[in-house]
């Protein structure tokens, strides 16, 4: 704390912009400066005109997805930057002493969308989006709103104090006050961070992402090891986390030269909710603003695949998101040059503008979501914020947690016993990794490989699983080029030594879709030439259709489903993300020159191989594909076999 730091009361009265951030449970950081709004992430002013690095706190709204060409309800919410002139700190106890504690009354409080209407939205998304192959999961929000008569800054300070006292497990607890806008929250989730690497690696940052998913609503009186065990045993909750890890690994693979590896899972324990989480880490030489752009935004608050998730959100949400699901990005000058980045997701956050409170919350909708359960999840998430700030009654604390240690309700929330320390819970969490691909759990060394010196073109059909595929191919020795479907020329397809046609959302039979039509052209051109190709998921279906194999929707979508299947005599545990399938009569194992690996009962086709081609329905690059890398290598070998003349 510097002598020039005013009291928080004086700071609030000054009218100048400021931010309060608690990140380590011991101090509250106080940031002051001036505010500028910019149009693009690249415009965030990290340097003064004379080149001096500047610390900047940026509030990045959801509408910035337009920078990646994605759609949204565009409310023109500003990309707001607090250019930090003074960065001080207060001990937590001193900050609590200075902050106001009177309860802030709310009027006209309630959700903007009724429970019944939200349940109807859940049903439509499952049937019309997931059920038609548009993606694996989608997050649809609703807003808790109320009128607040209390002065906005005073309300923000009061709620910030309440969050410090009563919320546990937050990554950032924060208050950001700028002209006409107050944001206060306790975000559990670090979306992305970038820290300068070792001195021996100048220009390299260690990038971390923190996918959190699966939501356990604490029963009245708090969570116990017994009640948590049932949640951790839930197939839905487990698969939901695996799906978002896959989606964030796509992002990591786009910004990290080593693709990233996963550690965990862990528990994220908060006041009313407990989540499960993984940590992803890799190294990157990208500008932190570019890292932020390539990771817009977390699948835990949007869905997957990301581009189509934005389209689905625009179809089913009635109003713009504002800052919900964006990030608060703190860029701090690094000792070795450049900037470090720390960017939590803007969730569990209350916004106060013109006397109107808004607390946006959303549920992750998957193929087996229960509408009533998802309604309840939004209530639980809203109550986590509202209860902490005292806007609704707080739950009673449990009499004991896990090891029967009594809870001291007067102790700071962060210091209370954690269920994650219970041996039974820890073992149950650890057991999840037995299902996962070792490739993403181990460091990825790419030294040589069986295909060293060979080149491959990967065609992206709007699912960035292709970035993960690219890392597996690089591990096998290939020099990899990934290109979006609309930029791939006929000449590029003709000239490549190997073409991998990637996955994507949608109905493979939909010839009216420009994307599907172009993928048909490209797959057909390569197949007609008899030159090596590998087709994955959507492209596998397109190839199957070209070979005369019927396509059909599945009775129940396989979004985030792990199956053990036979791939030409070799059993393989593979992750599936498909709503449609190629299907043959049960027992069919050949069609002309094409060998078929299919389910013996349903006839659903898992893989194809023939002269110069191979394909697979599953995602060998997924963390759910325990046998993904060796199966990929086998299929590439089939595709590259010399064609008999």
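At full extension, residue 85 and residue 37 could sit 15.6 nm farther apart than now, given 0.36 nm per residue minus the alpha carbon distance. Expressed to the nearest 5 percent, the antiparallel share of DSSP beta bridges inside the chain is 90 percent. Against the chain, whose longest principal axis is taken from its Cα atoms, helix 306-316 shows a tilt of about 70°. Relative protection proxy for 181-192, 449-460, from highest mean packing down: 181-192, 449-460 (other beta-carbon atoms within 10 angstrom). Translational diffusion coefficient, Stokes-Einstein: compute it for the stretch 1-59 using the Kirkwood radius over C-alpha pairs as Rh, at 37 °C and 0.692 mPa s, and state it as an integer in µm² s⁻¹. D, rounded to a whole number, is 241 µm²/s. Ranked by the mean number of other Cβ atoms within 10 Å per residue, highest first, peptides 88-94, 291-297, 52-58 order as 291-297, 52-58, 88-94. What FRET efficiency would be calculated for the residue pair residue 220, residue 392, taking the C-beta separation as r and a Förster radius of 22 Å, to the nearest 0.05? With a Förster radius of 22 Å, E is 0.95. Given in Å, the Rg to one decimal and the Dmax to the nearest whole number for the Cα atoms of the stretch 261-356 are 16.1, 46. Using a simple spin-label model with points 7 Å from Cα along the Cα→Cβ vector, what separation in nm is obtained for residue 93 and residue 509? Distance between the two pseudo-spin positions: 7.0 nm. Here the calculated FRET efficiency for residue 429 and residue 555, from their Cβ-Cβ distance with R0 = 30 Å, stands at 0.40, rounded to the nearest 0.05. Taking 0.36 nm per residue of separation and subtracting the current Cα-Cα distance, fully stretching the chain between residue 123 and residue 454 would add 114.4 nm.
For the peptides 28-39, 584-595, 220-231, 255-266, the ranking by mean Cβ contacts within 10 Å, running from highest to lowest, is 255-266, 28-39, 220-231, 584-595.
Extending 7 Å from Cα along the Cβ direction at residue 179 and again at residue 442 yields two label points whose distance is 5.7 nm. One decimal place: the segment residue 418-residue 588 gains 55.8 nm when fully extended, by the rule 0.36 nm per residue minus the C-alpha distance. Angle check, please: helix 628-640 long axis (alpha carbons) against the longest principal axis of the chain (alpha carbons), in degrees 0 to 90, nearest 10. With rounding to tens, the tilt is 30 degrees. Estimated from helical segments only, the mean residue ellipticity of the chain at 222 nm is -8000 deg cm²/dmol, where each DSSP H run of four or more residues counts as -39500 (n - 2.57). The distance from the alpha carbon centre of the stretch 601-633 to that of the stretch 133-198 is 42 Å, rounded to a whole number.
Computed from the C-beta positions of residue 263 and residue 5, the FRET efficiency with R₀ = 51 Å rounds to 0.85.
For the stretch 447-640, pairs of C-alpha atoms spaced more than 22 angstrom apart make up 40 percent of the total. Its relative contact order, with pairs defined as Cα atoms under 8 Å and 6+ residues apart, puts the chain at 14 percent.
The angle between the Cα long axis of helix 235-255 and the main principal axis of the chain comes to about 80°, on a 0 to 90 degree scale.
No value in this document is a laboratory result; all are computed from the given coordinates. Since the structure is predicted, the reported quantities are computational estimates derived from the model, not experimental observations. With ideal geometry, Cβ positions are generated from the backbone for all residues, glycine too; neighbour counts draw on all protein chains shown.
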